[in-house]
Every structure is written in C-alpha cells, then in structure tokens.
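The values are calculated or read from the model by the stated rules, or taken from the named source; none is laboratory data. Predicted, not measured: the structure shown is a model, and the values here were computed from it. Glycine gets a Cβ as well: all are built from the backbone with ideal geometry, and neighbour counts include every protein chain shown. Remember, those area values only see protein heavy atoms, side chains included, never the ligands or the DNA or RNA. Shrake-Rupley method; radii C 1.70, N 1.55, O 1.52, S 1.80 Å.
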Amino acid sequence: MKLATLDNGSRDGCLVVVTRDLSRCAAADAIALNLQAALDGWHEARPALEALADKLERGAIAGATFDQATARSPLPRAYQWADGSAYVNHVALVRQARGAEMPPAFWTDPLIYQGGSDTFLGPHQPITLASEDYGIDMEGEIAVITGDVPMAASRGQAESEIRLVMLANDVSLRNLIPAELAKGFGFFQSKPSTAFSPVAVTPDELGANWDGARLHLPLLVDLNGVPFGRPEAGIDMTFGFPDLIVHAARTRALGAGTIIGSGTISNRGPDGGPGRTLAEGGVGYSCLAELRTIETIKYGAPRTPFMHFGDEVRLEMLDRAGNSIFGSIRQKVARLI
C-alpha cells in the first residue's frame, strides 16, 4: 500500500492512497483525516486503507491524478524525528579526514540525534536559506515511520512496529556543524528542515527488497541533472532499522508517527576502502561531504564545493523493474529573501 499527503489548507494535510505506478490517488479522509490519525488507529485504519487502495488499483473507483510536485511530505510534521548514522563507513571517513580517532563503540552502539520535526519540507519544496556560506549539503537516506514502540522494546517488537518506509533528504549545513558540536550539546542550527519522499509505503510493498531491517536497492542521487551517486542502501548498513529503534526506545517509549532515519547511505569500495565516484567506476555518494572527505584524504583538501543557490538535488529509488517506488524528492536551493 502506498500513502501520500495532499494540501487541503490544514497543517497536516489530507491522506490519500496512491496506485503502485504513482499515477492516481483517492482521498482517504473517510477513514482517517490525515496520516497521523491513521497511525494512531493503525490496526483499524490499515484494513480500510488497503481495501480503498485495492479498489483504486483495480479501477473500481476513478480517483484523481496524483501530482508528486504538489504532494507534501507524508507526515508534514511529526511528534518525533530521530536520525541515526547507521552507515558507520561514512562516520569513519569523516573522522579520518580530520585526523580523529574512531571509537570502537561506534561499530556496536548506534549514533542518533533528535531533529526538528515541526516544519518538514515538501518533496519538491525549495531548500531556502540565508547564505551559501553555511556549507549546504544534501543527505540521501531511508526512513521508517513507527507505531507505538514500548520503552526497552525488544528487536522483535521494534521490527513489528515499522509501519511505513520512505526516502529522506536530511539537509545539513556543514560549515555550521563543527562549532555546534564543539559546544557539546549537539545539532540545531546546522540541521534545517528535512524533506521526505512524496509517497510512504508499507514494508510488504517492497517485497524481497525489504528484509525486515534493511532496504536492498540503490538510491539514485542526481545533482543538477547529473548522476552523483547510486549507493546500495542494503550494503554497509551497520545497524538495521530495528537496531536503531531499540536504541531510541531504550529509556522512553516512542509514540506512533515517530520517524527514524538511517543516516547518509554510504558504501565502501570493492577493496574495503573509501568508495569511488561514478566516473571512477564506483557507486558514488549520497552527500557532498563524503566526496569532499575522500578528496581531503587523497589530496589534502576538498575540491568539490557545497551546494549553491540554484542547484538542484534529486533523490529517487526504483524497483527491479525500473519503476519509481516512492516518487522523487526534487529540491532547488533558494536564497531567503
């Protein structure tokens, strides 16, 4: 089942079911006014939503044209957005570039931070900022939305509460990060609003590509219309989503509608070392920081700039038949006026 949110003038939008080819949608407000309401009553709402989606898919109801460009993030705001760093290869490279030792615990204990969740960007909404000097970067990720997760949840409980899967662009302002982290209190100004894919899907929609913990497909990352990365999301993911959820729920319950991110998708090279660009025969990257890190390791300084006003990033994932699963995140960087 595929779900999306359209604008109806309210903060949380209108929930719709979407056909598998992303061409048509049907309002689901008779079942749940919005996605958060559906998640709050998931066990009752899901069968009704699936029945509606089946009717739309079979053509038993006409529905309407689904326009990704006008869709909002599936949850336009959420009670909680917690982003992990499950691809420890990415963390290791960043630390290597600045000469910092990699603590062994990073390979066994997940990193996670709590992001702002009150103003998510729409999937085609501009990334609007006041200055290019912030070091504007995209971060291509996978994210899941949970049901109610109890405190100290087991791994099995965590896996069973994964309700939906989607893509994320977790925008980072790299030049603001060092000073913030030096204060010892974590990210805030360096993490502006995140965007999610037009469509969120139930795990069963992913078939064999979803193993209960990881999504085994490449993420397509384009910058200004040029392929930048094709990293495999299921490879080199040190911690699966149940691991991240267990970590987040160690000392508190997670409410329905909690979003958990994977962190930047990052693959090692075939020799176990840093990944290579697409031009070099590698799978590329899902953020500029990783390329700049590798350039620093190789050349002593980065050669690739961060994003400028007018630059556009596109994130998408295709199934094995070449069909878009979640729709595309397509965002331009714009100057705050």
### Query
Taking strands (runs of 3 or more DSSP E) that fall entirely within segment 99-178, which contain at least 3 residues that are of a type in the set (A, V, I, L, M)?
140-146, 162-169
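Look at Leu93 and say whether it is out of contact with any strand residue (DSSP E or B) (no Cβ under 6 Å at 6 or more places or on another chain) and either of a type in the set (Gly, Ala, Ser) or assigned to a loop (DSSP other than H, G, I, E, B) (or both). Can you show your working first?
On the way: out of contact with any strand residue (DSSP E or B) (no Cβ under 6 Å at 6 or more places or on another chain): yes; either of a type in the set (Gly, Ala, Ser) or assigned to a loop (DSSP other than H, G, I, E, B) (or both): no.
So Leu93 does not fit the description; no.
Out of Gly225, Gly240, which single residue is in contact (Cβ under 8 Å) with a residue 40 or more places away in the chain and open to solvent by less than 10 Å² (accessible area, probe 1.4 Å)?
Details: Gly225 fails: open to solvent by less than 10 Å² (accessible area, probe 1.4 Å).
Going through Gly225, Gly240 in turn, just one is in contact (Cβ under 8 Å) with a residue 40 or more places away in the chain and open to solvent by less than 10 Å² (accessible area, probe 1.4 Å): Gly240.
Quickly run through segment 15-45 and pick out the residues that are without any contact (Cβ under 8 Å) to a residue 40 or more places away in the chain, over 21 Å from the mean Cα position of the chain (by Cα) and not in a loop (DSSP other than H, G, I, E, B).
Of the residues in segment 15-45, the ones without any contact (Cβ under 8 Å) to a residue 40 or more places away in the chain are 15, 17, 26-34, 37-38, 41, 43-45.
Those still in the list that are over 21 Å from the mean Cα position of the chain (by Cα) too: 26-33, 37, 41, 43-45.
Correct list: Ala26, Ala27, Ala37, His43, Glu44, Ala45.
Would you pick out the residues in segment 147-200 that are among the hydroxyl-bearing types (Ser, Thr, Tyr) and more than 14 Å from the chain's Cα centre (by Cα)? Talk me through it step by step, then tell me what you get.
Initially, segment 147-200 is screened for residues among the hydroxyl-bearing types (Ser, Thr, Tyr), giving 154, 160, 172, 190, 193-194, 197.
Hits for segment 147-200 are Ser154, Ser160, Ser190.
I'd like the residue in segment 194-222 that is of a type in the set (Ser, Thr, Tyr) and buried (at least 20 other Cβ atoms within 10 Å of the Cβ) and, out of all such residues, is nearest to Tyr87 (Cα to Cα). Break it down stepwise before answering.
Initial filter on segment 194-222 (of a type in the set (Ser, Thr, Tyr)): 194, 197, 202.
Of the ones still in play, those that are also buried (at least 20 other Cβ atoms within 10 Å of the Cβ) are 194, 197.
Working: Thr194: 19, Ser197: 20 Å.
Going through the qualifying residues, I end up with Thr194.
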### Task
Just give me the residues in segment 258-307 being loosely packed, with under 15 Cβ neighbours inside 10 Å and farther than 17 Å from Pro227 by Cα, in sequence order.
Pro270, Asp271, Gly272, Gly273, Ile297, Lys298, Tyr299, Gly300, Ala301, Arg303
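Please work out if Asp137 is of a type in the set (D, E, K, R), in contact (Cβ under 8 Å) with a residue 24 or more places away in the chain and more than 18 Å from Pro74 (Cβ to Cβ).
yes
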